[in-house]
Amino acid sequence: MEHHQHGDAPVLNKSVPVRHPGRWISAFIILALVVLFLQSLFTNPNFRWDVVGTYILDVKVVQGVGWTLLLTVTSMVLAIVLAILLAFMRQSDNPVFRWSSWVWVWFFRGTPVYTQLVLWGLISVLYPKISAGVPFGPELFSLDTSAVITATVAAILGLGLNESAYLAEIFRAGLKSVDRGQMEAAEALGMGKTKIMWRIILPQAMRVIVPPTGNETIGMLKTTSLVLAVPFTLDLTFATNALANRTYLPVPLLIVAAIWYLVITSILMVGQHYIEAYYGKGVDNLAPAGKPVAKSARVALSQDGGRSIETDFPEESAR
Amino acid sequence: MTVTAEKPLVKIEGLHKFYGPHHVLRGIDMTVRQGEVSVVIGPSGSGKSTMLRCVNLLESISAGRISVGGQLIGYREVNGKLHDLKTKEIAAQRREIGMVFQRFNLFPHKTALQNVMEAPVHVKGQSKAAAQERALELLDRVGLADRSGHYPSQLSGGQQQRVAIARALAMDPELMLFDEPTSALDPELVGDVLNVMKDLAKSGMTMIVVTHEIGFAREVGDTLTFMDGGVVVESGDPREIIANPQHARTKEFLSRVL
């Protein structure tokens, strides 16, 4: 039996692979459709690429990008801070915390973000003055609501508070995904509750939390286009819509907006990749782990092909 | 093993545990002296792990008292009345008690070295340099000096359990609890872990070991306690009990595991 000879390298099997005609046909159809679409991009005059070129770096558009980014980042930061708090409260031994966290999520997840944005825009109608004091007692200070809750603040609060409800559920799922033994091991070492949360549980939960949070961030980027409900009128969608209405050229300006949203989304995806790699360390990402393992387990498979398979499984070298 | 000191380090008196209507521990009394290796055996469901977990309050104590080093665990006694300790006070008591789990429970996002350094740095407030030096020393002691930069997922079960022992030792506990430390291991990896535990016993560490390793009990144990149905059935010199069990239930259990 040639392939079982001792000492010599085994002769590798050279089998005829299974043919896949279906793959070739579907690849051809898809390629044809892509080519047709690309051709239309160049030949269809209604795209008005000249207009896209004119407005892609227009001051109003670039400022709109800036405002959209600002709204996305600040409302996500607000939402993340609130969500961590809400998720911890939901796990608390204190029934008041558990209950208030539940009600918060119920309310902000249960009403449309558009409604909430309109409401934040009208907050100074609802409460003309913000004052602090003892209930039914003396007042300590008082401010005009419209001076504090500007359109920007209203937009950030509307987006951030709504998002916090969704993120709270994502964080809760993440915290629950960490094995109970981790909590016990940390407790047995005499760690305090806060340390256990921040140093042991949350870093592991982040592995589960980051991908859906990245998803939510990209979602938020586009939800910012609803802020005209406040009304907040400086974001990317409003800026491009305003230009479209002025020039009577809606299609090229929608393309301008789409290009910018795609660019920002792509950048966010790169960021997410690095955050995932960071929190995946020890589980998905074993890169920075000291000295190389299992040098001895390197197996040369064939001499003619020059291929080698490196078995990097420490169980082997442990024995 | 010669027991040098007669001083009791752990005293368990009339310990009961209820899970809802289930009466899991039904009055356990047990004493472990300083430097003693106390091995607890028994069929699964006998309550031996629950008893061990009560000692560092991973399970609450339904009735009875446990004291370690003369200190009542989990409570403060004022005028004969028990008051619950605060979380912080419980954490302080746990620092004196190391625990090794059946499923290792290493922190997967930290390397072996970081696992061992975690508590000394972030609980005791040691400097990183000092903690690292000591951690490397401990990893060397359990035979894993060359694995310090590895994540738990890159270590075999036996290696993970030895890191877990080093992690518990890094807090310089006066008592070590072992909860079936070799039950989750492949048979050929059990020996390394048991050897580390033997060395630890020789160094004079007080240990309570819940295990199925009768050989370890015979060789290293100072006392052997057989538990069944939430009570201590028999307790005494391991070699005597294993050779000549007095109770029918002990006989039956030993005949099945030996």
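Throughout, read-outs are computed from the coordinates displayed, never taken from laboratory work. Since the structure is predicted, the reported quantities are computational estimates derived from the model, not experimental observations. Note: ideal-geometry Cβ built from the backbone for every residue, glycine included; neighbour counts use all protein chains shown.
Whose amide H sits under 5 Å from the amide H of B:Ile28, counting only residues 5 or more places off or on another chain, with H placed in the peptide plane?
Answer set, sorted by chain and number: B:Gly14, B:Leu15, B:His16.
Would you list, by chain and number, the lysines whose Cα falls below 16 Å from the Cα of A:Lys193, excluding same-chain residues fewer than 8 positions away?
Hits, sequence-local ones excluded: A:Lys176, B:Lys86, B:Lys88, B:Lys124.
Sort out for me the Cα centre separation of the stretch A:74-122 from the stretch B:61-89, rounded to whole Å.
Between the Cα centres of the stretch A:74-122 and the stretch B:61-89 lies a distance of 39 Å.
Nearest 20 debye, what's the magnitude of the dipole of the protein assembly as shown about its Cα centre given +1 on Lys and Arg Cβ and -1 on Asp and Glu Cβ? Could you put the intermediate results ahead of the total?
On the way: 54 positive and 51 negative charges, 185 e Å.
In total the dipole reaches around 880 debye.
Taking every DSSP beta bridge that has both residues in the protein assembly as shown, what percent is antiparallel when rounded to the nearest 5? Kindly include the intermediate steps, with their values, before the conclusion.
Working: 33 of 51 bridges.
In the protein assembly as shown, DSSP labels about 65 percent of beta bridges as antiparallel.
At 25 °C and 0.890 mPa s, what whole-number value in µm²/s does Stokes-Einstein give for the translational diffusion of the stretch B:1-73, with Rh from the Kirkwood sum over Cα pairs? The partial results should precede the final answer.
Working: Rh = 12.9 Å.
Calculated translational D: 191 µm²/s.
Expressed as a rounded percentage, what relative contact order does the stretch B:13-131 have, with Cα pairs under 8 Å and six or more residues apart? Each step should come with its number before you reach the end.
Values: 98 pairs, mean separation 20.5, N = 119.
Rounded, it is 17 percent for the stretch B:13-131.
In percent, how large is the relative contact order of the stretch B:176-219, given Cα pairs closer than 8 Å and 6 or more residues apart? Each step should come with its number before you reach the end.
Values: 30 pairs, mean separation 26.7, N = 44.
It rounds to 61 percent for the stretch B:176-219.
Taking Cα atoms of the stretch A:110-232, Rg/Rh with Kirkwood Rh, to two decimals?
Details: Rg = 19.9 Å, Rh = 17.4 Å.
Result: Rg/Rh = 1.14.
Check cross-link reach from B:Lys17 to the aspartates and glutamates: straight Cα distance under 17 Å, and skip same-chain residues fewer than eight apart.
By straight Cα distance, B:Lys17 reaches B:Asp29, B:Glu59, B:Asp84, B:Asp228.
In whole Å, what three semi-axes, largest first, describe the equivalent ellipsoid of the protein assembly as shown built from its Cα gyration tensor (square root of 5 times each eigenvalue)?
That gives 58, 39, 19 Å for the three semi-axes.
Determine ³J(HN,Hα), in whole Hz, for all residues of the stretch B:111-119 in sequence, where each value follows from phi through the Karplus function 6.51 cos²θ - 1.76 cosθ + 1.60 and θ = phi - 60°; x replaces Gly and Pro.
Result, ordered by residue: 6, 3, 4, 5, 4, 6, 7, 3, 5 Hz.
Mind checking the dipole of chain B: about its Cα centre, +1 per Lys or Arg Cβ, -1 per Asp or Glu Cβ, Debye to the nearest 20?
Values: 30 positive and 30 negative charges, 138 e Å.
Dipole size: approximately 660 debye.
Could you give the nm distance between label points at A:Phe107 and A:Thr150, where each point is 7 Å from its Cα heading toward the beta carbon?
Reported label-point gap for A:Phe107 and A:Thr150 is 2.6 nm.
Classify chain A as rounded, prolate or oblate from the Cα gyration tensor: take a ≥ b ≥ c as the square roots of its eigenvalues, call it rounded if a/c is under 1.5, otherwise prolate when a/b beats b/c and oblate if not. Before the final figure, lay out each step's value.
Working: a/c = 3.31, a/b = 1.32, b/c = 2.51.
Oblate.
What share of the DSSP beta bridges in chain B is antiparallel, in percent to the nearest 5? Could you put the intermediate results ahead of the total?
On the way: 25 of 42 bridges.
Roughly 60 percent of the beta bridges in chain B run antiparallel, per DSSP.
Could you quote the convex hull projected area for the stretch B:50-139, Cα atoms only and averaged over all directions, in nm²?
On the way: hull surface 29.4 nm².
That works out to 7.3 nm².
At 0.36 nm per residue, and after removing the present C-alpha to C-alpha distance, how many nm does the segment from A:Phe97 to A:Ile25 gain when stretched out fully?
Details: separation 72, 0.36 × 72 = 25.92 nm, distance 5.92 nm.
So the chain would gain 20.0 nm between A:Phe97 and A:Ile25.
Lys/Arg Cβ at +1, Asp/Glu Cβ at -1, dipole of the stretch B:1-89 taken about the Cα centre: which of B:Met51, B:His83, B:Ile12 is farthest positive-ward?
B:His83
In vacuum, with every alpha carbon of the stretch B:190-239 counted as one equal point scatterer, what does the Debye formula give for log10 I(q)/I(0) at q = 0.18, 0.29 Å⁻¹? Two decimals, please.
-0.59, -1.22
Please report how far the C-alpha centroid of the stretch B:241-255 lies from that of the stretch A:147-222, rounded to the nearest whole angstrom.
53 Å
Mind checking the stretch B:183-258 for trypsin sites (Lys or Arg not before Pro) that DSSP puts in a loop (not H, G, I, E or B) and that have at most 11 other Cβ atoms within 10 Å?
Details: sites: B:Lys198, B:Lys202, B:Arg218, B:Arg239, B:Arg249, B:Lys251, B:Arg256; in loops: none.
Listed in order of number, the matching sites amount to none.
Could you tell me the calculated FRET efficiency between B:His23 and B:Ser67, based on Cβ-Cβ distance and R0 = 25 angstrom, to the nearest 0.05? Please list the in-between numbers first.
Working: r = 23 Å, r/R0 = 0.92.
Given R0 = 25 Å and the Cβ-Cβ separation, E is 0.65.
Compute from the Cα atoms of the stretch A:64-104 the Rg and the Dmax, the latter being the longest Cα-Cα distance, and quote both in angstrom.
Both quantities, over Cα of the stretch A:64-104: 14.1, 45 Å.
Name the lysines eligible as straight-distance cross-link partners of B:Lys11: C-alpha to C-alpha under 18 Å, and not fewer than 8 places from it in the same chain.
Within reach: B:Lys48.
Given axes a ≥ b ≥ c from the Cα gyration tensor, I'd like to know whether the stretch A:4-147 is rounded (a/c under 1.5), prolate (a/b larger than b/c) or oblate. List each step's numbers first, then the result.
Working: a/c = 3.69, a/b = 1.64, b/c = 2.25.
Cα axes put the stretch A:4-147 in the oblate bin.
Quick check: from the Cα gyration tensor, does chain B come out rounded (a/c under 1.5), prolate or oblate? All intermediate terms of the calculation are to be shown ahead of the outcome.
Working: a/c = 1.76, a/b = 1.21, b/c = 1.46.
In terms of gyration-tensor shape, oblate.
May I have the extent of the alpha carbons of the stretch B:110-229 along their three principal axes, as whole Å values ordered from largest to smallest?
44, 29, 27
With θ set to phi - 60°, apply the Karplus curve 6.51 cos²θ - 1.76 cosθ + 1.60 along the stretch B:218-231 and write out the HN-Hα couplings as whole Hz, x wherever there is a Gly or Pro.
With the stated coefficients, the stretch B:218-231 comes to 5, 7, 10, x, 8, 9, 10, 10, 9, 10, 7, x, x, 10 Hz.
Considering only DSSP beta bridges whose two residues both sit in chain A, what percent are antiparallel, to the nearest 5? Let's see the in-between values first.
On the way: 8 of 9 bridges.
Here the share of antiparallel DSSP bridges comes out near 90 percent.
Summing +1 for each Lys or Arg and -1 for each Asp or Glu, what net charge is found among the other residues whose Cβ lies under 15 Å from the Cβ of B:Lys124?
Values: positive: A:Lys195, A:Arg199, B:Lys88, B:Arg94, B:Arg95, B:Lys128, B:Arg134, B:Arg167; negative: B:Glu96, B:Glu118, B:Glu133, B:Asp172, B:Glu174.
Surrounding charge for B:Lys124 is +3.
Local charge sum around B:Lys88 (other residues, Cβ-Cβ under 15 Å, Lys/Arg +1, Asp/Glu -1)? Provide the component values of the computation, followed by the final result.
Numbers: positive: A:Lys193, A:Lys195, B:Arg76, B:Lys86, B:Arg94, B:Arg95, B:Lys124; negative: A:Asp93, A:Glu187, B:Asp84, B:Glu89, B:Glu96.
So the surrounding residues net to +2.
Could you tell me which chymotrypsin sites (Phe, Trp or Tyr not before Pro) in the stretch A:93-140 are loop residues by DSSP with no more than 11 other beta carbons within 10 angstrom of their beta carbon? All intermediate terms of the calculation are to be shown ahead of the outcome.
Numbers: sites: A:Phe97, A:Trp99, A:Trp102, A:Trp104, A:Trp106, A:Phe107, A:Phe108, A:Tyr114, A:Trp120, A:Phe136; in loops: A:Phe136.
Sites meeting the loop and neighbour criteria: A:Phe136.
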